[in-house]
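Take a look at the structure below.
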Amino acid sequence: MVQIHQLDSILADQISAGEVVERPASVVKELVENSIDAGSSQVDIAVEDAGLKSIQVIDNGQGIPVDEIEMAFRRHATSKISDRQDLFQIVTLGFRGEALPSIVSVSDVTMETAIEGKAGTKIHLKGGKILEKQVSESRRGTNIIVNDLFFNTPARLKYLSSVQTELSAITDIVNRLALSHTDIAFSLLSNGRELLHTPGNGNLKQVISAIYGINVAKQMIHFEKQNNDFKVSGYISLPKLTRASRNYVSFLLNGRYVRNNQLSKALVQGYGSKLMVGRYPLAVVSIESDPILVDVNVHPTKQEVKISKEQELCELLSKSVYARISQENLIPDALKNM
Ligand code: ADP
Ligand code: MG
């Protein structure tokens, strides 16, 4: 045993990378969330070999100022929160300042970024170290390329699933991000093939159509209800359109895709006896609340959150789904889709 000592920052980043960057899809998630937080209206994602060879994200957001670029890659460095008060009022997707340092500790990263009307920066890092930094002629926004993910963590590389599974995890997360940000135009390319393209015009039904197809979109109905604490709205499938898994349900809490079993149950309850056992609806449910009611600081990936008044929210959801589905049944088939 050696004396207790502080680990050097690169090693510390590599350790925490294990929590944030589990697989290529986690890198895609973190990078796209940064693009969303930067106020982008367009985000273009391209992966090669399910992200193992490369992951590129190009946005037209606010960019990183020249004198802050190195800071962006340090641990717990963020522009999104400053004090304890902010921690209870999170309005951005990121705030922990962990993604970039974690990603660069296990890959080879080149980033070009510029703020409006100023010269930009191009920076190249590998395994947590800066290899090169120069002034660049970039347009507003950020272009980041992550190559050779997990090149220095062979165990992690070895335990990844097949390329197909990793790619579907990427598609899944991009789909959810696109559903939660309908005002952003997203595109996703995999080895040059387009897997998703959304218009970015704020129309949720069009995003549903881009992801699940027009036939599904046609059988999804709008619902909306609110009380003093929450507003729930979105699209739910007619009871005749179901799937064998819960994967086609997205809960978007203040713009963040979250997983929550209680909400899933409440949604299914809203269908009453109309769903067959083992079948699930398709749904995109947006939930808006005061951020104070949501604790997102539960897990590094922030997909699990704690919701105060969760029971009340679940009741609001089942009631509104129930009301909407019952109402649909009263409309004669001949008048539907008119
Ligand atoms: P967090 O998102 O939790 O703040 P990150 O490590 O993901 O931490 O990013 C660190 C900082 O780098 C962010 O707070 C932000 O200021 C800046 N940044 C990262 N990506 C972008 C981007 N695409 N556009 C603008 N700024 C970015
Ligand atoms: Mg981030």
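Multiply the residue separation of Asp49 and Lys205 by 0.36 nm, subtract the distance between their alpha-carbon atoms, and state the gained length in nm to one decimal.
Stretched fully, the Asp49-Lys205 segment lengthens by 53.1 nm.
Relative to the present Cα-Cα distance, how much length would full extension add between Ala155 and Arg279 at 0.36 nm per residue of separation? Could you put the intermediate results ahead of the total?
Working: separation 124, 0.36 × 124 = 44.64 nm, distance 3.75 nm.
Between Ala155 and Arg279, full extension yields an extra 40.9 nm.
Contour minus end-to-end for Asn228 and Ile214, with contour as 0.36 nm per residue of separation and end-to-end as the Cα-Cα distance?
Contour length minus the Cα-Cα distance gives 1.6 nm.
Angle, helix 9-20 long axis vs. longest principal axis of the chain, Cα atoms, 0 to 90°, nearest 10?
Helix 9-20 and the main axis of the chain meet at about 10 degrees.
Order the peptides 289-296, 241-248 from the highest to the lowest mean number of other Cβ atoms within 10 Å of their residues.
Result, highest mean first: 289-296, 241-248.
What whole-number distance in Å separates the alpha-carbon centres of region 14-54 and region 242-287?
26 Å
Taking a point 7 angstrom from the Cα of Ala244 along the C-beta vector, which residues in region 263-298 have backbone N less than 14 Å away?
In region 263-298, the label zone of Ala244 (backbone N under 14 Å from the point 7 Å along Cα→Cβ) covers 277-280.
Below 25 Å, Cα to Cα, which lysines can Lys309 reach? Residues fewer than 8 away in the same chain don't count.
Lys225, Lys231, Lys265, Lys319
Take Phe230, Phe73, Phe88 and order them by how many other Cβ atoms sit within 10 Å, fewest up front.
Neighbour counts put them in this order, fewest first: Phe88, Phe230, Phe73.
Could you order peptides 108-119, 154-165 by the average number of other Cβ atoms within 10 Å of their residues, highest first?
108-119, 154-165
With each label point set 7 Å from Cα along the Cα-Cβ vector, what nm distance links Gln311 and Ala12?
With each label placed 7 Å out from Cα toward Cβ, I get 4.2 nm.
In terms of modelled amide H atoms, which long-range or inter-chain residues lie less than 5 Å from the amide H of Ala185?
Under 5 Å from the amide H of Ala185: Gln42, Val43.
Less than 13 Å from a label point 7 Å out along the Cα-to-Cβ axis of Thr165: which backbone N atoms in region 15-29 qualify, by residue?
Hits in region 15-29 for Thr165 at 13 Å: 23-24.
Which FRET efficiency value, to the nearest 0.05, do you get for Ile130 and Lys319 by plugging their Cβ-Cβ distance into 1/(1 + (r/R0)^6) with R0 = 41 Å?
Rounded to the nearest 0.05, the efficiency is 0.15.
In the chain, what % of DSSP beta bridges are antiparallel (nearest 5)? Before the final figure, lay out each step's value.
Values: 57 of 68 bridges.
In the chain, DSSP labels about 85 percent of beta bridges as antiparallel.
Could you give the angle, 0 to 90 degrees to the nearest 10, between helix 310-330's Cα long axis and the longest principal axis of the Cα atoms of the chain?
The angle comes out near 50 degrees.
So how tilted is helix 24-37 from the main axis of the chain? Cα-based, degrees 0 to 90, rounded to 10.
Orientation of helix 24-37: about 80 degrees from the principal axis.
Taking the Cα-to-Cβ direction at Asn191 and at Asn261 and moving 7 Å from each Cα, how far apart do the two end points lie in nm?
Those two pseudo-labels are separated by 3.8 nm.
Per residue of region 160-168, what does 6.51 cos²θ - 1.76 cosθ + 1.60 with θ = phi - 60° give for ³J(HN,Hα)? Whole Hz please, x for Gly and Pro, Karplus curve as stated.
Once θ is set to phi - 60°, the couplings for region 160-168 become 5, 7, 5, 4, 4, 5, 5, 5, 5 Hz.
The numbers here are math on the coordinates, done by the rules we state, and not lab data. Just so it is clear, the model here is predicted, and its values are computed rather than measured. Cβ coordinates were reconstructed from backbone atoms using ideal geometry, including for glycine residues, and neighbour counts include every protein chain displayed.
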